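Here the structure is laid out as structure tokens; the discussion comes afterwards.
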Amino acid sequence: MLAAAALLTGCGGGEPDGLVLQVVAPDAVLRELGEACSGGDPFSYAHATAPYSLADASGKVVVRAELPEGDAKAAFNHDPGVDRVPTFCAFTVHADVPASGRYTLRLGESPPREFGFKDGKAMVVLN
């Protein structure tokens, strides 16, 4: 079973202000959990310093920034007992925007992805 929904846990304390958006590259690359990562094929456009934008419901760009370094998260709930396991590369970005709005993420070759925040958090899985 995919563990992408669990990626939102652990955000808090000492983080910058703003809402938290997890951008997930579901690449299933073998990595050690927690190691720094970039998106593997076909998500190689998802990497630290990759430019992205968030637009509000009217289409106005409200955030322009670059992705931070990614963090390897378990792709499956099963622990195979080895150091390197299939992972997703997750990028945590902070957005100083109203929580009640709908937004569109534009990043690299991924089609625009619409999302909204719930309890200050949101997740976009690239495809």
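Give, rounded to the nearest 20 debye, the magnitude of the charge dipole that the chain has about its Cα centre when Lys and Arg contribute +1 at Cβ and Asp and Glu contribute -1 at Cβ.
Values: 10 positive and 16 negative charges, 89 e Å.
For this selection, approximately 420 debye.
In terms of modelled amide H atoms, which long-range or inter-chain residues lie less than 5 Å from the amide H of residue 37?
Long-range HN contacts for residue 37: 70, 71, 72.
Please give the Cα centre distance for the stretch 67-104 versus the stretch 35-54, rounded to the nearest Å.
Taking the Cα centre of each part, the stretch 67-104 and the stretch 35-54 sit 11 Å apart.
Going by average Cβ density within 10 Å per residue, which order do the peptides 80-90, 106-116, 22-32, 55-65 take, highest to lowest? It would help to have the intermediate numbers written out before the result.
Numbers: 80-90: 17.1, 106-116: 14.5, 22-32: 20.5, 55-65: 12.3.
Ranking the peptides 80-90, 106-116, 22-32, 55-65 by packing returns 22-32, 80-90, 106-116, 55-65.
Where does the charge balance sit around residue 36 when Lys and Arg score +1, Asp and Glu -1, over other residues with C-beta under 11 Å from its C-beta?
Working: positive: 31; negative: 32, 35, 69, 71.
Residues near residue 36 contribute -3 overall.
For residue 73, which lysines qualify as cross-link partners when the Cα separation must be under 23 Å and same-chain residues fewer than eight apart are set aside?
Output for residue 73: 118, 121.
Quick query: amide H of residue 31 versus all other amide H atoms, modeled in the peptide plane; which residues come in under 5 Å with a sequence gap of 5 or more or a different chain?
85, 87
Got a sec to turn the phi values of the stretch 99-106 into Karplus ³J(HN,Hα) couplings, 6.51 cos²θ - 1.76 cosθ + 1.60 with θ = phi - 60°, whole Hz, x for Gly and Pro?
Residue by residue, the stretch 99-106 yields 5, 7, x, 9, 10, 10, 8, 10 Hz.
Excluding residues on the same chain fewer than 8 positions from residue 60, give the aspartates and glutamates whose Cα lies under 17 Å from its Cα.
96, 114
Over the chain, what is the relative contact order in percent, taking alpha-carbon pairs closer than 8 angstrom and at least six residues apart?
35
Taken together, the values in this text are just the output of simple stated rules run on the coordinates, not laboratory data. If you're wondering where the values come from, they're calculated on a predicted model, not measured in any experiment. Glycine gets a Cβ as well: all are built from the backbone with ideal geometry, and neighbour counts include every protein chain shown.
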